[in-house]
1. Can you tell me, using C-alpha contacts under 8 Å and at least 6 residues apart, the relative contact order of the chain as a whole percent?
2. Any idea what angle helix 8-18 forms with the longest principal axis of the chain, computed on alpha-carbon atoms, 0 to 90 degrees, nearest 10?
3. In the stretch 102-189, what percent of the accessible surface is made up of carbon and sulfur (1.4 Å probe, ligands and nucleic acids excluded)?
4. Computed from these coordinates, which is Rg and Dmax of the Cα atoms in Å: (i) 21.3, 84; (ii) 17.3, 62; (iii) 25.2, 79?
5. Counting only heavy atoms of protein chains, what accessible area per residue, in Å², does the chain have with a probe of 1.4 Å?
6. For the pair R187 and V163, what calculated FRET efficiency results from E = 1/(1 + (r/R0)^6), where r is the Cβ-Cβ distance and R0 = 22 Å, to the nearest 0.05?
Amino acid sequence: MDGGYASGAALADADRNYKIALVGPIGDNNSKQAKAKDGFAKENFIIDFDRREVTCPNGKVSGNWNEIPSMAPYTVVRFGKRQCGPCPEKAKCTSGEARTINFLPRRIHELQERNRDDQHDSAWRRLYASRSGAEGTIAEFAVGHRARHCRYRGQAKTHVQHVLTAIAVNIERLSQQEPADSDYRPRTPTAFQQYLDAHDLPRPIWWRQGK
């Protein structure tokens, strides 16, 4: 799935309820510290689920562990003013009087962090690149053959339209197949690729292609 649907909760639900592994990029931490790449983001804190404690990068430990119903399913851990106030690096951590850390339940948190680590690996990217084939097929059906617009009223007639359109797509693809004894030839470049080639512009290689 794409990044718009991937989340730690979705990965956990798919694993627990359907015994399947979802593959999709989960966005990085969007806190101001993480965006600026300066200071202490949530990843710099050590979460001890067994002791229900969080340790900050400077070694201060907070056991102020709260599972507030209004924040569910997030757990909220607050550091005290006496811990953050004297800290020489407080400006890198928080602009308030003390730092607060929010995180998901242990199972979802660990699954989400593991997925974030995996999605930077080349093997994960090659696996995720297979999604482009499905996306291309759907785009051809929806955009190339205008499947988003119903020509008839009613679900039954709309279903017939989709079936007939799918048959037409398959016939079109079969007509473009090379004979079995012919040499393999790569797929015809898209209009955008032809434009890049005509203007001597490089073709960008996106990370989702697994390269």
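1. Working: 198 pairs, mean separation 33.8, N = 211.
Averaging sequence separation for qualifying contacts and normalising by length gives 16 percent for the chain.
2. 60
3. Details: 3730 of 6970 Å².
The computed percentage sits at 54.
4. Among (i) 21.3, 84; (ii) 17.3, 62; (iii) 25.2, 79, the one derived from this structure is (iii).
5. 73
6. Details: r = 26 Å, r/R0 = 1.18.
The computed FRET efficiency comes out at 0.25.
The values are calculated or read from the model by the stated rules, or taken from the named source; none is laboratory data. No experiment lies behind these values; they were computed from the predicted model shown. Here Cβ is always computed from backbone atoms with ideal geometry, including for glycine, and neighbour counts include all displayed protein chains. The accessibility values were calculated without ligands, DNA or RNA, using every heavy atom of the protein model including side chains. Shrake-Rupley method; radii C 1.70, N 1.55, O 1.52, S 1.80 Å.
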